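The values are calculated or read from the model by the stated rules, or taken from the named source; none is laboratory data. Nothing here was measured: the structure is a model prediction, and the numbers come from that model. Here the Cβ positions follow ideal geometry from the backbone for every residue, glycine too, while neighbour counts run over all protein chains shown.
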Amino acid sequence: MRADEIGAAAAVGAALPIELRGISKSFAGITVVNSVSFDMRPGEVHALMGENGAGKSTLIKIMAGLYQPDAGEILVNGNAVRFASPKEAHAAGIATVHQELLLFPELTVAENIFLGQTPKTALGTIDWTAMRRRARQLLEELDSGDLDIDQKVVHLSVGNRQRIEIARALAQDARVLIMDEPTAALAEQDVQRLMSIVRRLRKRGVAIVYVSHRMPEIFALADRVTVLRDGNLAGAKPVPEVDEPTLVSMMVGRSIDRLYPAKQGKDGDTILELAGVAHRSVVQDISFKLHRGEILGLAGLVGSGRTETALTIFGVTPATAGQILIDGKPAIIASPGQARDLGIAYVPEDRAHQGLIRPQTIEDNIALANLRRLTRGLFVDAAKVAAEARGAIARFGIRARGPEQPVRQLSGGNQQKVVLAKWLATNPRILIMDEPTRGIDVGAKAEIHQLMRKLAGEGMAILMISSELPEVLGMSDRVLVMNGGRIVGQFDKEHATAEAVGTVMTRSYTREQAA
Amino acid sequence: MTAAKLFRHETILAALTVIAMIVLASLSDKFFTAENLLNQGRLMAEVGLISLAMTFVIVTGGIDLSVGSILGLTAILLGVFWKNLGLPLPAAILLAMVCGTFAGFVNGLIITRFSVPPLIATLATLALYRGLAEGISEARSVRGYPEWFFFFGQGEVLGVPFQLWVLGIATAIAAVILGLTPFGRATYATGANEVAARFSGIRVNAAKLWIYTASGFCAALAAVIFVSRVTTTRSDMGTGLELDAITAVVLGGTSIFGGRGTIIGTALGLILIQALKNGLALSGVKGDGTIVVIGLVLIGAILVGALFDRNRGG
Amino acid sequence: MSGAAFSPGRSNLQRFLSGYGQEIVVLLSIAALFAVVGAVNPRFLSDTNINSIFAGNAYIAIAAIGMSMIIMAGHIDVSVGALIGVIATIAGTLAVKGYPIWMAWSVPIIFAIAVNAAVGTLVAYTRIPSIVVTLGMLSILKGGLISATQGEWITNMPAEFMIAQMRPFGIPSAVWFMVALTIIAALFLRYTDFGRSIYAVGGNMEAARAAGINPERTVIGVFALHGLFAGIAGILFATQLQVIQSTVPPNLELTIITASVIGGVSILGGTGTVIGSTLAAILFACIGSALIFLNVSAYWLRAVLGLMILATVLADMVRRRRDK
C-alpha cells in the first residue's frame, strides 16, 4: 500500500517527531479507530481529514495524551512511549491548539503565553521584563508583532486568541503542533493570517497536524493528507497527487443512496418562510422557504451559522432583522416557549446540555415541553405523564426499564429518541433537527432516519442540520449551504452531489462574495 | 425522580428525628410535654416560613442570603409606618409586607436581568436592606402595639399557636406547588439544567423572579409574626436567620447544586434542628453552644450530600 | 516592526490607566472626600481624626488583602469576621494568663491558618461552594466564641502585648503593618508562581490544570494565606483598644468583602489587586468618619456600603457583558 511506503521511507531518514503504528481504540465496545498508522516529519503540514465520526478527534486525542490506545504503539524520535496524561505529551514536544481556546481572559497576552513556565530571575521570582521580551519576540516570529502583549486577553478576537495559543505552543518548544479545525471560527482575513503563520512554523521545522474540512486550505498548505473513514485508514497521499473529487470520494467512500429511506408523497404549501433574517452579525440575510412534507437539509461547516439560524427561528437568539413568516403570516418569536406555541420544535445538537435534563426520568423529560397539555386544573396529571411516556417508549422503541428510568442511564440513541419524543408530543408542524444522529450507533441512526421520513410523509416540515455530508445528501429533498453566516448555495435533490455541495461548503468566501 | 428514591432521604431523616426526640426526651423530662412542643412550634414558625421559600430558591440552584435583612427591614417599616407616619396598624402591616415582598422582587431582578450570581446579589442586598433598616430606625425600637396585634405571635386557635397554623398551611401549599404543579416542574428543571429547561420552552427567568419575590414575601410574613411575638421592633431582628433556613433546607435533602429537594424534607430538617436546639438547651447547653451545633450539622449534612451525589455519578 | 518596544496605539500612560483604573478611581474618591468634608468641617483633617481613620481601620485593610486573594481565586469567605473575634480572644486570654508575648501573638495566627486550611481543603476536594462551608464555619466560630467568653470582656493586658498601639517613628504600627503587608502581598501576587496561579485558577480552572497548575493545592494555599492575613488582622484588632470585647463590629466580613470588590477584585474571580482593596478599606473608613463630621447619622453607613457593593457588582456584570 502506498501510505505504508511513504511511512517506511520516512522512518529510514531522520527520527520522526511522532509516529503512530497500528493504533486502535474503542469505546463501550464500538471501535472508533481501527489499526491506524500515522506519522509526522519535521517541517511538514500533514492534513488529517474525514467525516464526523471517522475517528479524527480520537486519533488527535491519543497523540495529545488525552486517551490511551487499546492497541498499537506511539513512537517519539523512534522510541516507543506511552502518554499517561496531556502533561507527558507536552513534555515530549506535542502541543494542541484547542478549539475551545484554553486561555485566561483577565491575564495579559504575555502571561497567557508563558503561564506555567514563566522565565525567572536569579531570585526565583517571575522575570516580567524577560517574559515580555520573549513574548514580543515569539509574536514577531509569528508575524503578529501588532498584538499588544500587555493587553488583557478578554478584549481579543478569536483569531488573536488563537495566535496566542500558537505562541504558547512555541514557547513550550513544541515539535508537533496539532491544530483542530483552526479556521472554523475565523473571519476571512484571520484565515489568511493563520495560513501564513502555519507556513512560518513549517519553516522552523515544526510538524503540523492540520485537521480541516476546507479544501482550499488543504491544497494551499498541506504537504501530505491522510483520510480516515469509519475509523479505518482510507488512504494517505502527498497532496500534489490528489484533487478535490478524489479526497471527497475517499472520505465518503460508499454509495449513499440506498442507505436512506425514499421520499413519500409530495411537498405541500409553504409553512415557514424567512425573509432577510439576521441575528446581530452572527447570521445575516437568511431567506428561504420550508414546505409541508419536505426535508430541507442545511449543510455547512462547524461555525458557518447553521445552528445559529436554528436558534434564531426557535427564539433562543431572537432575530434582530428581517421577518419570519408562518403560514404566510409574520410571527414574532422571542422565546422558545413562543416558538413551541407556534408549532416549532427544535431537537438541539448538544443533547446532554440543551436537550435533556439527564438526572431526571424519561417521563419528566417528555413532560417538560408539554406541561400545559398534561396539566388538569392546577396540577400536573401524573397518570397522563406516565401514559405519555409509556406511549413514547412503545412508539419509538426506546430501550428502557420504564418511564421512571433516569435518562442519563440510556444509550445515546435512546436519549435522542427521548428528545424527539418530547418534541413530537408538542404536535409540532415544523421540526428542526440539529445533528440528529450525532454520536449514535448505526442501528439507531437508521431508525431515526426512517422516522424522519415517515414524519415528512405525514406532512411535517423538517429542517435538518448535519455535518455528515452523506446524511445531508441522503435525507434531504433540498439542500441549503451556509458559509460565513450566510446562505451561499441551494441544490435540489438531483444536483446535490457530494462534490458540488462540498465545494460550496468548504470554499473560502470573502464577505463581498458571500453577499 | 422515582417516589422510592425521593423518599429515601426523607425516611432516614424522619428516623433520625424520632431517635433525636427519644434521646432528648430521656435527657430531660421537660422536653416531651405538649406545652414545650407547642412552644417550640411557635419559635420555629419564622425560620420555617423562610425555609419554605428557600427550598424553592435552592432547588433552582440559587441562594437567598438577604432574607434575614428583609425580615428586619419589614419589621422596622411596620413600626415606622404605624408610629411615625400614623397609619392605621392594619395598613402599616400590609404596606410593610408589600415593601418586604418588593425587596425580594428586587433580588430577582438583579439576578435575572443582570445575571449577577444569586450569592453575590443577595450578599449585597443583605447589607443594603439591613443598612436601610438601621438607617430608618436609627436604633430606636418601636413598642406599645395594641393588644389585638399580639394574636399573630402569641395567640392560639384550638389550643395550637396561631403561627403554627400559618406554617402548617404554608407548608401544605408549598409542598403542593413544588410537588404537583407545572411551576414545581419548572423549578426542578431550572435547577437541574437551566439551558435544557429554556430549550424546552420553560420561562426560566420568570420562574426565578417569582421565587425570589416569594422569598421576600415569606420573610415579610415572618417579620409580622416575629414583631407580634416579641412585642417590639428592632433593626437587628432576623440577623443570621438565613443561616438557620439554609441549614434546614440542606439538612432536608435539597441539593445545594440545585435540581433536587422536597418540602417534606425541609419540614423534617426544621423539626430536627428545633428539637436539637431545644433539647440541648434543656440539657444544660448554653444558647450559643447550639449555634455551633447548627454550623456543624450544616457542614456535615452538605458533606454527606456531596459524597452521596458523587457516588450517584453525573 | 520598529515600534516593537511599545504597543502601537496605546501610550504607556493609557496602559497604566487601564491597568489601574479602579485604584485610581478609589484614590480620587478619597482625595475628593478629604477636600469636601475638610472644607465643610476642618476638624475632619485634624491629626487625631486622620490617625484614627488609618490606625483604627488598618486591620480591615489587612484582612481585605487575604479576602482579595480568596475572591480572585473564585471563592469567598463569610466567616472572617467571626474568625478575627476568635483570634483576638485567644490572643488576649493568652496574654492575660501570662504566656510569653510572642506566643500570644503567634498561636492565634497559627490557629487561623489551620482553620482556613481546613476550610480550603473541604472546598477544594468536595466541591461544596465556599459560601456554604464558610457560613457553617461562621456559626461554629461565633457560637464557640460567645459560649467560651460568656460575653465577658478581656482587660488588663500587659502593655508590651499591645502591638497596635506602638508608634515606631511616630506612626502607629497598625499603619506600618497595613502598608508593608499590602506591598509584600502585591509583590507576591505579581512575582511568584503561586501568586500568578491564584489568578489562573480563578480565571479558568480547566486551563490552569492544562497549564500544569494543581487547582486544589492552589485553593488550599489561598485559604491558608487568607488565614495568615486574618490572623494578623485579629492581633491588631485585639491590641488597638484596652479591652477585647467578645463581639466584633457587626457585618465585619461584609465590610472586608466590600473593600475587596470596590478595590477592583471581580466577584467572578481571576482579576484584581490588593492595592485596590487597601485603598477601598481606607475609603470606607473615611466615609464612616465623614458621615459623623457631616452630621449624618452613622446608622446609614451600612446602607451606603450595601449600595456600593451592589453598584460595583452591577457595573462589573455590565462590563463583562460588553466585553463579550
With the requirement that a residue be over 12 Å from residue B:71 (Cα atoms) and of a type in the set (A, V, I, L, M), what does segment B:99-114 give you? B:106, B:109, B:110, B:111
Going by what's in this entry, would residue C:164 be described as within 14 Å of chain A (Cβ to nearest Cβ) and touching a Ser or Thr at 6+ places or on another chain (Cβ under 9 Å)? no
Options B:34, B:92, B:53; residue that is away from chain C (no Cβ under 14 Å), touching a residue at least 60 places away in the same chain (Cβ under 8 Å) and not β-branched (Val, Ile, Thr): B:53
Does residue A:328 meet the test of being out of contact with any helix residue (DSSP H, G or I) (no Cβ under 8 Å at 6 or more places or on another chain) and within 30 Å of residue B:203 (Cβ to Cβ)? yes
Got a sec? Which of C:155, C:218, C:182 is under 22 Å from the mean Cα position of the chain (by Cα), closer than 30 Å to residue C:47 by Cα and of a type in the set (Ser, Thr, Tyr)? C:182
Among A:265, A:235, A:293, which is assigned to a loop (DSSP other than H, G, I, E, B) and modelled with pLDDT of 85 or more? A:293
For residues in segment A:102-114 being over 17 Å from residue C:272 (Cβ atoms) and either at pLDDT 85 or above or surrounded by 21 or more Cβ atoms within 10 Å (Cβ to Cβ) (or both), which is nearest to the other protein chains (Cβ to nearest Cβ)? A:103
May I ask you to list the residues in segment A:417-448 that are at pLDDT below 90 and touching a Pro at 6+ places or on another chain (Cβ under 8 Å)? A:448
Only helices (runs of 4 or more DSSP H) wholly contained in segment A:399-515 count here; list those with 1 or more residues that are under 29 Å from residue A:327 (Cβ atoms) and under 24 Å from the mean Cα position of the chain (by Cα). A:412-424, A:442-457, A:469-475
Go through (1) free of Cβ contacts under 8 Å to residues at least 40 places away in the same chain; (2) in contact with a strand residue (DSSP E or B) (Cβ under 6 Å, 6 or more places away or on another chain); (3) closer than 24 Å to residue A:191 by Cβ for residue A:501 and report which single condition fails. (1)
Reported set for segment B:198-213 where residues are surrounded by fewer than 22 Cβ atoms within 10 Å (Cβ to Cβ) and among the basic types (Lys, Arg) is B:198, B:203
Give all pairs with beta carbons closer than 6 Å in which a residue from segment B:281-295 that is within 7 Å of another protein chain (Cβ to nearest Cβ) meets a residue that is among the hydroxyl-bearing types (Ser, Thr, Tyr); count only pairs at least 6 apart in sequence or on separate chains. B:286/C:147; B:288/C:147; B:289/C:147; B:291/C:139; B:294/B:247; B:294/C:139; B:295/C:139
Filter segment B:114-143 for residues that are within 30 Å of residue C:295 (Cβ to Cβ), free of Cβ contacts under 8 Å to residues at least 60 places away in the same chain and in a loop (DSSP other than H, G, I, E, B); which is nearest to the other protein chains (Cβ to nearest Cβ)? B:138
Which of the residues spanning segment B:214-263 are within 10 Å of another protein chain (Cβ to nearest Cβ) and in a loop (DSSP other than H, G, I, E, B)? B:235, B:236, B:239, B:240, B:255, B:256, B:257, B:259, B:260
Being in a loop (DSSP other than H, G, I, E, B), out of contact with any strand residue (DSSP E or B) (no Cβ under 9 Å at 6 or more places or on another chain) and within 12 Å of another protein chain (Cβ to nearest Cβ): is that true of residue A:139 here? no
Report whether or not residue C:221 is on the phi < 0 side of the Ramachandran plot, within 11 Å of chain A (Cβ to nearest Cβ), small (Gly, Ala, Ser) and part of a helix (DSSP H, G or I). no
Scan segment A:343-378 for residues that are in a loop (DSSP other than H, G, I, E, B), closer than 25 Å to residue A:462 by Cα, in contact (Cβ under 8 Å) with a residue 24 or more places away in the chain and within 8 Å of chain B (Cβ to nearest Cβ) and jot them down. A:348, A:356, A:357, A:369
Which of the residues belonging to segment A:68-120 are in a loop (DSSP other than H, G, I, E, B) and closer than 24 Å to residue A:15 by Cβ? A:68, A:69, A:77, A:78, A:82, A:83, A:84, A:85, A:92, A:93
Hey, can you tell me all the residues within segment A:47-64 that are small (Gly, Ala, Ser) and modelled with pLDDT of 85 or more? A:47, A:64
Exclusive hit being in contact with a His (Cβ under 8 Å, 6 or more places away or on another chain) and surrounded by fewer than 20 Cβ atoms within 10 Å (Cβ to Cβ), set B:157, B:176, B:166, B:195: B:195
Restrict the check to segment A:214-228 and report whether at least one residue is buried (at least 21 other Cβ atoms within 10 Å of the Cβ), in contact with a strand residue (DSSP E or B) (Cβ under 7 Å, 6 or more places away or on another chain) and closer than 26 Å to residue A:477 by Cβ. no
Taking segment B:164-204 and keeping only residues that are in contact with a Phe, Trp or Tyr (Cβ under 7 Å, 6 or more places away or on another chain) and more than 10 Å from chain A (Cβ to nearest Cβ), one is left with B:178, B:187
Taking residue A:245 as the residue in question, decide whether it is farther than 30 Å from residue A:316 by Cβ and at pLDDT 90 or above. no
Options B:238, B:253, B:216: the member that is buried (at least 24 other Cβ atoms within 10 Å of the Cβ) and more than 14 Å from the chain's Cα centre (by Cα): B:253
How many residues are under 15 Å from residue C:60 (Cβ atoms) and β-branched (Val, Ile, Thr) if we restrict to segment C:240-259? 5
Does any residue of segment B:221-229 turn out to be at pLDDT below 90 and either charged (D, E, K, R) or closer than 19 Å to residue B:300 by Cα (or both)? no
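Conditions (1) in contact with a Ser or Thr (Cβ under 6 Å, 6 or more places away or on another chain); (2) closer than 22 Å to residue C:183 by Cα; (3) in a helix (DSSP H, G or I), marked per residue:
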position: C:201; (1), (2), (3): yes, no, yes
position: C:225; (1), (2), (3): no, yes, yes
position: C:229; (1), (2), (3): no, yes, yes
position: C:254; (1), (2), (3): no, no, yes
position: C:261; (1), (2), (3): yes, yes, yes
position: C:271; (1), (2), (3): no, yes, no
position: C:281; (1), (2), (3): no, yes, yes
Considering only segment B:241-253, I want to know if a residue exists there that is touching a residue at least 40 places away in the same chain (Cβ under 8 Å) and touching a His at 6+ places or on another chain (Cβ under 9 Å). yes
